[in-house]
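S.K.: Would you mind keeping the following structure in view while I ask a few things?
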Amino acid sequence: MPFGRNPGLDIKESSRCYMNFSLNGTDVSMANAIRRTMIAEVPTMAIDLVTVKENTSALHDEYIAHRLGLIPLYSENVDRFDYGFDCEKCEDYCAYCSVSFQIQVHATGDTAVRNVTSKDIVCTNLETEEWCHDVKPVHDSGDDAETGADSDGGNGILIARLSSSQRLDIRCIARKGIAKDHAKWSPMCTVSYRIVPPAVELVLEKLNSLLEQDAKEDLAVYSQGLLKVTNGFLQYEEPFLKGRIGITPDTTRRAGQLATQAGGKPSDIVRYNPEPERFDFTAETTGSMTPRFALLMALDILKKRVDNVMAHIH
Amino acid sequence: MTNAPENYEAWVLPDGVEKVSYVPDTKIENCGVFRLEREDHTLANLLRMQLIRDPDVLFVGYKHPHPLDHHIELRVQTSTNTRAGKYMPPEAVRVALMDLSAEISRLAELARRSRPS
Ligand SMILES: [Zn+2]
């Protein structure tokens, strides 16, 4: 490996919908490739074809179909399915490339409102097609992620509300897909990373010794929540220390101007860190798989991608 | 019903299309453009940054010509006097891909082994 690196990866925290990990010994292109692959190229199952047999609810068919598509389906066995467009076992859809569901709700009695939720989505595949039965709707939006409760603990995701005597009878086909096709197939809600240390940092010791009191306050106001003046000293605000905000070019420019006016050099008050030491990732899923599973799949997909191009270079 | 292209055409290689094609530059020695079909910034930027690490690569850049085109163009120029002898762009790209593949394997292994404390 002539120009290879020896990267590190450390999962700090991992639960059903949430994960924290850090990546080191590599560069931004790798961090970004992992992020992009997790978001757009990890396949999941999602409802893709909806047949409405009866709908007397207040919502029109297309609106309900769209809502159904966005309901996450538990997809950790997605590799057992083929993509619909290259399934060799069928023309349209079958148990090897899709999962069938139905929703049949009739609001009877005097109850004012009957909520139709993800819990009303019932799998209609045969008993023998047991792999299809693992693809179940997720009933929460990660509310229980912290307690580690499984997704049945939630109230279900609301699809429509029926009033007395309204009826819904819908057949759904869930297919395998990736988010490059439609965002409903993305397993991820969020994947983001923070570069540590930040590319640009202010040298606060230098600024503090250089600037007059009013210049410090000027800079604190100008920085819009990045800096504060405590006991006559400039300090970073909490959001910056927690990595929620960064240093804007405007702030660095202003700091440079004030430093020049005070007889310093702009180059003394900024520190540039060209080599990121590590990337702190935060990843959250919709519940269709654990973030750890999505990361493992993303790395496998990325590797296959690289190997595939390598095989075609002549 | 419509002539809209299928969504999957953005990421599935159509029949009869070459995954990678290489066109050598007619004016500059050891230089050429790779056309990577059905690839995007994910791989292109990864490859570009890896090729920059190679001291015998003089130039590397890529473009994604249009949002409705699903390929990228990677231009690579290598040094004409290397210690190892002849070193053409396809060789440089192959080396870069090998390094990337090894790095990703290592990351996958670490992710598999890593358990939150
Ligand atoms: Zn099929």
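The values are calculated or read from the model by the stated rules, or taken from the named source; none is laboratory data. Predicted model, so just to flag it, every value in this text is computed and none were measured. Every residue, glycine among them, receives a Cβ derived from its backbone with ideal geometry; neighbour counts consider all protein chains shown. Keep in mind that these areas ignore ligands, DNA and RNA; they rest on the heavy atoms of the full protein, side chains included. Shrake-Rupley method; radii C 1.70, N 1.55, O 1.52, S 1.80 Å.
S.K.: Peptide A:4-13: average number of partner chain Cβ atoms within 10 Å per residue? If you can, show how the numbers build up before the last one.
M.R.: Details: counts 11, 7, 3, 5, 4, 9, 5, 7, 3, 2.
Rounded to a whole number, the mean comes out at 6.
S.K.: Turning to a different aspect of this structure: May I ask you to give the percent of accessible area on the protein assembly as shown that is carbon plus sulfur, with a probe radius of 1.4 Å? Write down the numbers at each step before the final one.
M.R.: On the way: 10810 of 22140 Å².
Whole-percent figure for carbon plus sulfur exposure: 49.
S.K.: Where does the charge balance sit around A:THR26 when Lys and Arg score +1, Asp and Glu -1, over other residues with C-beta under 14 Å from its C-beta?
M.R.: After counting each charged neighbour, the total is -2.
S.K.: If you project the alpha carbons of the stretch A:197-273 onto the principal axes, what extent comes out on each, in Å, largest first?
M.R.: Extents along the principal axes, in whole Å: 32, 27, 19.
S.K.: Something else about it: For helix A:28-40, report the angle its Cα long axis makes with the longest principal axis of the Cα atoms of chain A; keep it between 0 and 90° and round to the nearest 10°.
M.R.: Its long axis makes an angle of about 20 degrees.
S.K.: Now for a separate question. Considering the alpha-carbon set of the stretch B:17-114 alone, what are its Rg and its Dmax in angstrom?
M.R.: Cα only, the stretch B:17-114: 14.7, 50 Å (Rg, Dmax).
S.K.: Okay, moving on. What is the packing order of peptides A:18-29, A:241-252, taking the mean over residues of other C-beta atoms within 10 Å and listing the highest first?
M.R.: Highest mean packing first, the order is A:18-29, A:241-252.
S.K.: Using per-residue counts of other Cβ atoms within 10 Å, averaged over each peptide, order A:72-78, A:220-226 from highest down. Could you put the intermediate results ahead of the total?
M.R.: Values: A:72-78: 21.9, A:220-226: 16.6.
In descending order of packing, they fall as A:72-78, A:220-226.
S.K.: On average, how many beta carbons from a partner chain sit within 10 Å of the beta carbon of a residue in B:50-57?
M.R.: If you average over the peptide's residues, the count of other-chain Cβ atoms is 3.
S.K.: If each residue of separation counts as 0.36 nm, what is the full-extension length gain between B:ALA102 and B:THR82 once their alpha-carbon separation is subtracted?
M.R.: Here the segment from B:ALA102 to B:THR82 would lengthen by 4.8 nm.
S.K.: Among B:26-36, A:119-129, what's the highest-first ranking by average C-beta atoms within 10 angstrom per residue?
M.R.: Per-residue Cβ counts within 10 Å, averaged per peptide and sorted highest first, yield B:26-36, A:119-129.
S.K.: Not counting ligands, DNA or RNA, and with a 1.4 Å probe, what is B:HIS66's accessible surface area in Å² rounded to the nearest 10?
M.R.: 90
S.K.: Give me log10 I(q)/I(0) at q = 0.23, 0.25, 0.28 Å⁻¹ for the stretch B:52-109, Debye formula, one equal scatterer per alpha-carbon, no solvent.
M.R.: -0.94, -0.99, -1.08
S.K.: Expected output is a single nm value to one decimal: the length gained when fully extending between A:ASP10 and A:GLU76, i.e. 0.36 nm times separation in residues minus the C-alpha distance. What is it? Show your work: numbers first, answer last.
M.R.: Numbers: separation 66, 0.36 × 66 = 23.76 nm, distance 2.20 nm.
Between A:ASP10 and A:GLU76, full extension yields an extra 21.6 nm.
S.K.: With angles folded into 0 to 90 degrees, how steeply does helix A:213-222 sit against the dominant principal axis of chain A? Use alpha carbons for both and round to 10.
M.R.: 20
S.K.: Within the set of other residues whose C-beta is less than 15 Å from the C-beta of A:ARG161, count the net charge using Lys and Arg as +1 and Asp and Glu as -1.
M.R.: +3
S.K.: Mind checking A:297-305 for the average number of partner chain beta-carbons within 10 Å of each residue's beta-carbon?
M.R.: Shielding by partners across A:297-305 averages 5.
S.K.: Residues with beta-carbon under 13 Å from that of A:GLY177, excluding A:GLY177: net charge, scoring Lys, Arg +1 and Asp, Glu -1?
M.R.: With Lys, Arg at +1 and Asp, Glu at -1, the net is -2.
S.K.: Spit out the partnerless Cys residues in the protein assembly as shown, using Cβ distances under 4.7 Å as the pairing rule.
M.R.: Lone cysteines by the Cβ rule: A:CYS17, A:CYS123, A:CYS132, A:CYS172, A:CYS189, B:CYS31.
S.K.: Next up: Using protein heavy atoms only (no ligands, DNA or RNA), what is the total accessible area buried between A and B, 1.4 Å probe, nearest 100 Å²?
M.R.: Values: alone 17710 and 8780 Å², together 22140 Å².
When A and B are taken together, about 4300 Å² of accessible area is lost.
S.K.: Using alpha-carbon pairs under 8 Å, 6+ residues apart, how would you state the relative contact order of chain B in percent?
M.R.: 22
S.K.: Once you keep just the Cα pairs under 8 angstrom separated by 6 or more residues, what percentage relative contact order results for chain A?
M.R.: 28
S.K.: Just the Cα atoms of the protein assembly as shown: what Rg and Dmax do they give in Å?
M.R.: 26.8, 87
S.K.: Over the stretch A:197-273, what is the relative contact order in whole percent, taking alpha-carbon pairs under 8 Å and six or more residues apart?
M.R.: About 42 percent, as a whole number.
S.K.: Given the options A:THR190, B:LEU100, B:THR42, identify the residue whose Cα lies farthest towards the positive end of the charge dipole of the protein assembly as shown (+1 on Cβ of Lys, Arg; -1 on Cβ of Asp, Glu).
M.R.: B:LEU100
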